Amino acid sequence: MRVCLMIEGQEGVTWDDWVRLAGLAEEHGFEGLFRSDHYTAIIRPDAAAHDAWATLAGLAALTERIRLGTLVSPATFRHPSVLARMAVTVDHISGGRVDVGMGSGWYEREHLAHGFPFLDGKQRFALFAEQVEIVVRSWTEERFDHDGAAYALRGQLALPRPVQEPHPPLVLGGTVKARFAALAARYATEVNTLGAPNDELRERRAALERACAELGRDPATLGYSVMTTCFVGEGETDVHDRVGRFLAIRGDDADPAALVAERRDRWLVGTVEEVAERIASLGAIGVTRVFLQHLNHGDDEMVALVGERLLPSVR
């Protein structure tokens, strides 16, 4: 199982935090460090948020081994030609270590705050699908025209080409509805979906397999990953302490033990042994990579615990 650290960058993560977290990810054996792409806090009422792609460019120059990427960049934020060029730039800076996560966008509050048009769900998906096509063609085609509902390109030739061939891994994020599955089967390297009970994750994987079959693609060539909240401890007390810190950040007086019991079937929460067992169950249903959503981003001890004890047991 491939395991990456995932950080919610809109929650007050400073540049010094990013440098420290990248160093920890490299030191403790994570495959990669990924971040959300938001400009407005979700957990806190308000918090600072560095731009996702500018952050990745900086980290690409400071790291040597880990993969870097977004989970995921909303189609509503950037023109696809801009996103494609930013990603290639980070690909070059990193020497071929970037993954590009794309999604349709969902967070209405930040769209209203920053002046990004917040279309209805059907329109956002159409924009997302058109962006995916343009981004992939920008990476792979010598020169092309595009006429779509949102974008018109004439003689597009995007240089330089990516370091990675045929292009950086394209990770599409969603809950795997029918239109999304068809888009992913056509373009994606990997599909990333949010944590859910195993039966639901199995159904999402089956939908992807059906879409691949309809397109004539081998489903084994489409990666399937899960991003979910992770609280790991040496024992139950450690786990509850970590959950309690997260609840305090969002001003929630809920009982940590009750939340653990409620979310155990969709989060990666528990002792090292319990989380390793849950990850093994994900692998059994076709999950190829997990992204550990580390919500207490100042808790370096948990990162070290995962690296030293969990990662060796799930590889």
- Query: Inside the stretch 228-241, can you point out the residues that are more than 22 Å from the chain's Cα centre (by Cα) and in contact (Cβ under 8 Å) with a residue 40 or more places away in the chain?
  - Reply: Gly233, Glu234
- Item | Failed item in (1) over 25 Å from Val290 (Cα atoms); (2) touching a strand residue (DSSP E or B) at 6+ places or on another chain (Cβ under 8 Å); (3) not aromatic (Phe, Trp, Tyr), with Glu142 passing the rest | (2)
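Take Ala150 and decide whether it is in contact with a helix residue (DSSP H, G or I) (Cβ under 7 Å, 6 or more places away or on another chain), of a type in the set (Gly, Ala, Ser), in a loop (DSSP other than H, G, I, E, B) and open to solvent by 10 Å² or more (accessible area, probe 1.4 Å). Break it down into steps so the answer makes sense when it comes.
On the way: in contact with a helix residue (DSSP H, G or I) (Cβ under 7 Å, 6 or more places away or on another chain): yes; of a type in the set (Gly, Ala, Ser): yes; in a loop (DSSP other than H, G, I, E, B): yes; open to solvent by 10 Å² or more (accessible area, probe 1.4 Å): yes.
Considered against the rule, which asks whether it is in contact with a helix residue (DSSP H, G or I) (Cβ under 7 Å, 6 or more places away or on another chain), of a type in the set (Gly, Ala, Ser), in a loop (DSSP other than H, G, I, E, B) and open to solvent by 10 Å² or more (accessible area, probe 1.4 Å), Ala150 comes out as yes.
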- Which listed residue is buried (at least 16 other Cβ atoms within 10 Å of the Cβ), in contact with a helix residue (DSSP H, G or I) (Cβ under 8 Å, 6 or more places away or on another chain) and assigned to a helix (DSSP H, G or I), from Ala158, Ala87: Ala87
- Message: Please verify whether Thr193 is surrounded by fewer than 18 Cβ atoms within 10 Å (Cβ to Cβ) and either touching a strand residue (DSSP E or B) at 6+ places or on another chain (Cβ under 7 Å) or more than 15 Å from Asn296 (Cβ to Cβ) (or both), treating the condition exactly as stated.
- Response: no
- Message: Where the second residue is among the basic types (Lys, Arg) and in a strand (DSSP E or B) and the first is touching a residue at least 60 places away in the same chain (Cβ under 8 Å) and under 11 Å from Val287 (Cα atoms) and lies in the stretch 202-227, which pairs have Cβ atoms under 6 Å and are six or more apart or on separate chains?
- Response: Ser225/Arg289
- For the stretch 159-179, which residues satisfy the criterion of being among the hydrophobic types (A, V, I, L, M, F, W, C), over 30 Å from Gly95 (Cβ atoms) and out of contact with any Leu (no Cβ under 7 Å at 6 or more places or on another chain)? Ala178
- Message: Could you tell me how many of the residues in the stretch 4-17 are over 12 Å from the mean Cα position of the chain (by Cα), buried (at least 21 other Cβ atoms within 10 Å of the Cβ) and either of a type in the set (Lys, Arg) or not in a loop (DSSP other than H, G, I, E, B) (or both)?
- Response: 0
- Message: Checking the condition under 25 Å from Pro312 (Cα atoms) and either out of contact with any Lys or Arg (no Cβ under 7 Å at 6 or more places or on another chain) or open to solvent by less than 10 Å² (accessible area, probe 1.4 Å) (or both), which residue from Glu262, Glu236, Glu203 passes?
- Response: Glu236
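The values are calculated or read from the model by the stated rules, or taken from the named source; none is laboratory data. These numbers were taken from a predicted model, which means no experiment stands behind them. Methodologically, a virtual Cβ is constructed for each residue, glycine included, from the backbone with ideal geometry; neighbour enumeration extends over all protein chains shown. All accessible areas refer to the heavy atoms of the entire protein, side chains included, with ligands and DNA or RNA removed. Shrake-Rupley method; radii C 1.70, N 1.55, O 1.52, S 1.80 Å.
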